[in-house]
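The values are calculated or read from the model by the stated rules, or taken from the named source; none is laboratory data. Note that the structure is predicted; figures quoted are calculated from it, not measured. Cβ sites come from the backbone with ideal geometry, for glycine too, and all protein chains shown count toward neighbours. Side chains included, ligands, DNA and RNA excluded: accessible areas come from the protein's heavy atoms. Shrake-Rupley method; radii C 1.70, N 1.55, O 1.52, S 1.80 Å.
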Amino acid sequence: MSNLIYGIDDVPPIPETLALGFQHYLTMFGSTVAIPLFLGPAFGIPANSTDMAALMATMFFVSGITTLLQTTFGNRLPIVQGGTFSFLAPTFAICGMASLSNAGWEVRMQHVQGAIILGAIVEIVMGATGLAGRVLKYVGPITIAPTIALIGLALFEYGAPVAGKDWWMGGLTIFLIILFSQILRHKHRAFELYPILLALLIAWGVAAALTAAGVFGPGHPSHVSLDNVRNAPYFRLPTPFQWGWPQFGAAAFMGMLAGYLASVVESIGDYYACARMAGAPEPDAKLVNRGITFEGIGCLIAGIFGTGNGTTSYSENIGAIGLTRVASRRVVQAGAVIMLLLGCVGKFGALFTTIPQPIVGGMYCALFGMIAAVGLSNLQRVDLNSSRNLFILGFAFFMGLSMPFYVKNNPISFSPPPAHIALADTAKVNPDAGALATLGLKPEATVGQAKAARDRLLAIYVTPKTADGAVPATTPLKGINPARAKDLDAAVKALANDPPPPLPLEPIQGEGPVYTGGSGMKDLGLSNEATVDEASKVRDEIASLYRGPGALPGTDPAHIGRLNKAFASVGNRPVKSGEESTKDAFLAFLANMLNTIGVNGMAIAAMLALILDNVVPGTREERGLAISD
């Protein structure tokens, strides 16, 4: 990147270094806070508790340590290290494997810590042995471009949807960032150096003023609440193994490896983006190996301190380099020291949790868009008149956006689906107000009456208008939305959702521990240590609630489906052992790994582009590679 104000080896004056470092702290703040908020429900940590504040402080403390290590001894790029979204799906799976009914959140944390520590050792070995760097000869601009671009594009749900919670404040933030970084940057040096910081402070100040004036009341997306500040301690030093000694398990470890795979691919893409932004030479194998090694060390530290997450390179701060044109390593190190210190000052860190989400979303709209554009800029050396290259790029981009959407809505599973059980027509419908209104039914209606109402309304909506012969017989009644039929079917489904199958309630076969490979462990609230007798009692208790002519009033229909599957998975299955248990455990691990990768658009785009770019024939010049090795 040309026209940098400060290059990678430059040392700005101390006041500017501290201010710019603080800007990096603010830039990574949103994601760093978001990760504990995502993890809290899985662990069982209340959102506004002192435990959550301690977890957030630990995240910042570890980010400061790992950023200093990476910028001083690792790849030495001006790159910030922090929590990664790649570890969220494996963490959720591990929390499901841990005790849900009897254990506290610390036990779940210990399982996650163990998996992160084991995975960190693998990542360290990958970097130290040069395995990570060896793949670079297979990675060209056609692979790098979609990898970097999808880092930004795949996070679209954190941009406009978050800013749109209050477009007045989200839009104000976007406007101020554009104003300071693009329009006023030549007017004053402050606009060049601190566009993000100025935009955040101004928007935050406006939100605080409107909150004080009563315009933004409690519950408003832009309301500034100081409750977290009041509840946070003044000083707290995170310590190793503060939640207890890690617990190591093979299943948790294997599940977490998928998160590490995605994180490594993302980090290599970030190295290229950061080097390009900072005007540094393109990363070579040696630099990549050092970077991955120290990211592994960072994950090891995160596992020891118990962040519930690992560490990876932060794309947001790469975008900040592009906007501020400050690529000084010393600035990032100053930001790391600030993270380290403020991770010990509870109230100061809690203060910044008061930044309203729409303002953070507005900042992401600018930063993530910049990252996507940096990814596309890697195509300058690629022949874009080549149909080969256009196909690979288009396919990788499209699948990187489309596949996660599919996997999220259709999780991969190798377990047989639960049987479809029809509800008797004489059963009373569920009290779904929307569905009742759609079909014009009273709450005491039966399923048979609901189906009759649906058929009657469908007959009205599809009766052809033949009186004057103006409408063909195959055309629905004029003015009626054809999708109405789907609405009617959905209403019947909501009213007559499938109940659990009738249970014979014979004694569960086997003795000792229940079969833990089934999905029913979570839905039945069983721990991995539960016995067959305990599982039988739980099954009988839940069956007494959900059996009968209709579903339990007020019950989420999706939960009924989960209970059906739970009964089949645990309640009516004998204990498995030996080869069958091993096979089921492997299939569960395989499904978890595929789901973890499947929801990561960046990883999908990277793998598809990497494979196709190296398999489909093409010259080095066409692929944008150097003429000589």
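Along the Cα→Cβ direction, 7 angstrom out, place labels at L18 and N385. What is the inter-label distance in nm?
It works out to 5.7 nm between the two label points.
Taking just the alpha-carbon atoms of segment 141-238, what radius of gyration and Dmax come out, in angstrom?
Gyration radius and largest Cα-Cα distance of segment 141-238: 17.6, 53 Å.
What does the charge add up to near I148, with Lys and Arg as +1, Asp and Glu as -1, over the other residues with Cβ less than 12 Å from its Cβ?
My count for the surroundings of I148 gives -1.
Round to a whole angstrom and tell me the spacing of the C-alpha centers of segment 206-244 and segment 273-309.
Each part reduced to its Cα centre gives a spacing of 31 Å.
Averaged over all directions, how much area does the convex hull of the C-alpha atoms of segment 198-352 cover when projected, in nm²?
Averaged projected area of segment 198-352's Cα convex hull equals 12.3 nm².
Report the trypsin sites (Lys or Arg not before Pro) located in segment 149-244 that are in a DSSP loop and have at most 11 other Cβ atoms inside 10 Å of their Cβ, or state none.
Here the sparse-neighbourhood loop sites are K187.
Could you tally the net charge around D10, taking each other residue with its Cβ under 9 Å from the Cβ of D10, Lys/Arg +1 and Asp/Glu -1?
Charge balance in the 9 Å sphere: +1.
Contour minus end-to-end for S413 and F586, with contour as 0.36 nm per residue of separation and end-to-end as the Cα-Cα distance?
Extending this stretch completely gives an extra 61.1 nm.
Taking 60 Å as R0, compute the FRET efficiency from the Cβ-Cβ separation of A373 and E444 and round it to 0.05.
So, using R0 = 60 Å, E works out to roughly 0.50.
If you add up the charges near G361, with Lys and Arg at +1 and Asp and Glu at -1, over every other residue whose beta carbon is less than 13 angstrom from its beta carbon, what do you get?
-2
Whole number in Å², please: accessible area per residue of segment 202-330, 1.4 Å probe, ligands, DNA and RNA not counted.
On a per-residue basis, 37 Å².
Multiply the residue separation of Y138 and A209 by 0.36 nm, subtract the distance between their alpha-carbon atoms, and state the gained length in nm to one decimal.
Extra length from Y138 to A209 when fully extended: 20.2 nm.
Need the full-extension length gain, I611 to D10, defined as separation in residues times 0.36 nm minus the C-alpha distance. One decimal, nm.
My answer for the length gained is 212.5 nm.
How big is the shadow of the Cα convex hull of segment 196-280, averaged over all directions, in nm²?
10.9 nm²
Provide V615, V229 ordered by accessible surface of protein heavy atoms (probe 1.4 Å), highest first.
Result of the area sort, largest leading: V615, V229.
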